[in-house]
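Worksheet for the structure shown next.
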Amino acid sequence: MKALKIILTALLIIILLLAAIAFFLPSSVTIEKQQEIKSPVNIVYYQVDNLKNWSNWSPFQADDMVNSFEGPSYGPGAMRFWESAEMGSGKMTIKEDNPFNSVITSVEIFGQGSGEGNWTFEKTEDGTMVTWSYTMLDLKYPIGRLFGLMANGMMSPIFEKGLTQLKDYCESLPDFSNIEEVDLEMQAIVSYTDSCTINTMGEKMGQMYGMLREYMAKEAIEMAGAPIVIYHQWNPQGTIIMEAGLPVAAVVPGTESIESYEIKACKAIKGVLIGDYSGLGDVHNAIDAYAKACGHSVIAAPWEQYLSDPMTEPDTAMWLTNVYYPIKY
């Protein structure tokens, strides 16, 4: 009986001591880890800012996890909900983002608590330095605060695992060094649309530009930029529908077959080819892979812009072509 009293007294003292310690502990705790990734900043950034991409690397992903999404694909208002017997259920929301620089998320783990994630991305000589911090908020007294005392030691390995998986995934992606995101201004064009096969594409394109130049000469309209071709349908085994366009200063009347309109300002993925046109397929494939890696939605037909004139530049190694894919942001 005396031994039992001693044990109970000791337990009471321990409980009171823990309660006293918890009283002085903070109601929030932050875990922070860093990792350098040998990938461009924009590639790493979109793995975080697009919540659908978290399944590629997140250390909290479970085999039985079911994800659903609401709001935009990325940026403020994007929401991810998850349900898992192993990891529980919760909700993550993008609160704020500064493209290619930072992302702030709010996290609610249903029935357990809430927190705020803070990501920063800094360009380095070899790639991107990523800093991931997470603040556990409103830790309840006393159990939550005592857990917070141990949280750094418990959670740090998980965050390190996540950053390592993010690094491995990003570095496994293709080389996107010739790909960038740009803001395109509105541009008026005159254009002619026709169809052809891949074997007659070059000849058809020459005919289309010939018609446009003849019309512009007749109407005394000057070009205001490099020629473009918009691809409305690409089928190398069948019919290709393309629109040849010449930029002009402003919309002009046009004819029954020649249109004139404004290409709206937009954000686009831009790829660059230096060399003959045989390499254009690789540029298109790289842009497509980039869009998928970042989670971008292409919203309009892609086009090519020919900055070199083969008639005046015989060296094909010097030809410069830009390729644009309009995207939603």
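From the protein chains alone at 1.4 Å, what is the descending order of accessible area for K33, K328, largest first?
Descending accessible area places them as K328, K33.
Please compute, over every Cα-Cα pair in region 160-202, the percentage with a separation greater than 14 angstrom.
In whole percent, the share of Cα-Cα pairs in region 160-202 beyond 14 Å is 76.
Only Cα pairs under 8 Å and at least 6 apart count here; give the relative contact order of the chain as a rounded whole percent.
The value is 16 percent.
Take each uninterrupted DSSP H stretch in the chain, measure its Cα extent along the helix axis, and return the ones at 24 Å or beyond whose mean Kyte-Doolittle hydropathy is at least 0.5.
Answer set is 2-23.
So if R0 is 22 Å, what FRET efficiency would Q112 and Q165 give, r being the distance between their Cβ atoms, rounded to the nearest 0.05?
Values: r = 23 Å, r/R0 = 1.05.
The computed FRET efficiency comes out at 0.45.
Percent of accessible area on region 62-118 owned by carbon and sulfur, 1.4 Å probe?
Carbon and sulfur atoms account for 47 percent of the accessible area of region 62-118.
Which of the peptides 270-276, 248-254 is most tightly packed, and how do the rest follow, going by the mean number of other Cβ atoms within 10 Å of each residue?
Averaged packing, sorted descending, gives the order 270-276, 248-254.
Find how much the distance from M129 to S257 grows on full extension, using 0.36 nm per residue of separation minus their present alpha carbon separation; answer in nm with one decimal.
Gain on stretching M129 to S257: 40.8 nm.
Cβ neighbours within 10 Å, averaged per peptide: list 39-48, 289-298, 315-324 in order, most packed at the top.
Most protected by this proxy first, the peptides run 39-48, 289-298, 315-324.
Keeping all protein chains in the complex and leaving out DNA, RNA and ligands, what accessible area do you get for D64 with a 1.4 Å probe, in Å² to the nearest 10?
60
Hey, can you grab everything whose amide H is under 5 Å from the amide H of K267? Only 5+ residues off in sequence or another chain; H modelled, so Pro and N-termini drop out.
L184, I327
If you average 1/r across every pair of different Cα atoms in the chain and take the reciprocal, what Kirkwood value do you get, in Å?
Kirkwood hydrodynamic radius for the chain: 24.0 Å.
Quote to one decimal, in nm, the extra length available between M311 and N285 on full extension: 0.36 nm per residue of separation minus the C-alpha distance between them. Present the calculation step by step, with values, prior to reporting the outcome.
Numbers: separation 26, 0.36 × 26 = 9.36 nm, distance 2.76 nm.
Extra length available between M311 and N285 comes to 6.6 nm.
Counting only protein heavy atoms and a 1.4 Å probe, tell me what percentage of region 184-297's accessible area is made up of carbon and sulfur.
Carbon plus sulfur share of accessible area: 52 percent.
Across region 230-329, what fraction of all alpha-carbon pairs, as a whole percent, falls in each successive 10 Å bin from zero upward?
Result returned by the calculation: 13, 39, 37, 12, 0.
Stokes-Einstein D for region 149-260 at 20 °C, 1.002 mPa s, Kirkwood Rh over Cα pairs, in µm²/s?
118
Using the alpha-carbon centroid of each, what span in Å lies between region 52-80 and region 241-293?
32
Which whole-Hz ³J(HN,Hα) couplings does region 106-114 yield from phi under the Karplus relation 6.51 cos²θ - 1.76 cosθ + 1.60, θ = phi - 60°, glycine and proline marked x?
10, 10, 10, 9, 4, x, 10, x, 9
For region 217-329, what relative contact order do you get, as a whole percent, if you take Cα pairs closer than 8 Å and at least 6 residues apart?
It comes to 29 percent, rounded to a whole number.
Might you tell me the accessible area per residue for the chain, computed with a 1.4 Å probe and given in Å²?
Details: 18010 Å² over 329 residues.
Using a 1.4 Å probe on heavy atoms only, each residue of the chain averages 55 Å².
With the contact rule set at Cα under 8 Å and sequence spacing of 6 or more, what percent relative contact order holds for region 148-266?
So the answer I get is 35 percent.
The values are calculated or read from the model by the stated rules, or taken from the named source; none is laboratory data. In this text, all values refer to a predicted model and were calculated from it rather than measured experimentally. Glycine gets a Cβ as well: all are built from the backbone with ideal geometry, and neighbour counts include every protein chain shown. When the accessible area is computed, the model is the full protein with side chains, heavy atoms only, and any ligands, DNA or RNA have been set aside. Shrake-Rupley method; radii C 1.70, N 1.55, O 1.52, S 1.80 Å.
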